[in-house]
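For reference, the structure is listed below as structure tokens.
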Amino acid sequence: MPRSNRPRGHRPGPDENGEGDGLDRLRAGWRRTEARRDGLWTVQPVAAARAGKSYVCPGCNLDIEPGRAHLVAWRGDGLMGEAADLAARRHWHAHCWKIK
């Protein structure tokens with residue numbers, strides 16, 4: 001008889017429904033923290049379907065057209081506080097962020 005690769009059970013998460021961590025992660029857009037040469041950065045991808053405005057990438061100074069997937073990054077360890085860091089966020093091409 002062939003082996004079944006389907007999971008046998010459901011692992012509950014932090015809340016009683018088992019959806020807490022996954023649902024929060026989906027709402028945040030897979031937000032993550034990355035360490036770079038110049039400090040900690042919070043990075044959040046933006047899907048092409050949600051990219052409705054044009055931005056200028058600080059890495060290459062070229063436009064990020066509406067409808068193009070890209071990243072939003074802001075300092076995670078700024079001195080002025082989280083609100084100031086969030087206000088100073090910038091939209092990057094994924095490649096420009098990768099080579100930053």
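The values are calculated or read from the model by the stated rules, or taken from the named source; none is laboratory data. A quick note: this is a predicted structure, and the numbers were derived from the prediction, not measured. No Cβ is skipped: glycine too gets one built from the backbone with ideal geometry, and neighbour counts run over all protein chains shown.
Of all positions in the range 49-67, none carries a residue that is part of a strand (DSSP E or B), closer than 17 Å to Lys100 by Cα and touching a Leu at 6+ places or on another chain (Cβ under 7 Å). Note on the range 35-62: among residues that are touching a strand residue (DSSP E or B) at 6+ places or on another chain (Cβ under 6 Å) and more than 18 Å from Ala88 (Cβ to Cβ), the one that is surrounded by the fewest Cβ atoms within 10 Å (Cβ to Cβ) is Ser54. How many residues are out of contact with any Cys (no Cβ under 9 Å at 6 or more places or on another chain), part of a loop (DSSP other than H, G, I, E, B) and not small (Gly, Ala, Ser) if we restrict to the range 80-100? Total meeting the criteria: 4.
Once the range 60-98 is narrowed to residues that are of a type in the set (A, V, I, L, M) and modelled with pLDDT of 95 or more, the residue that is farthest from Gln44 (Cα to Cα) is Leu62.
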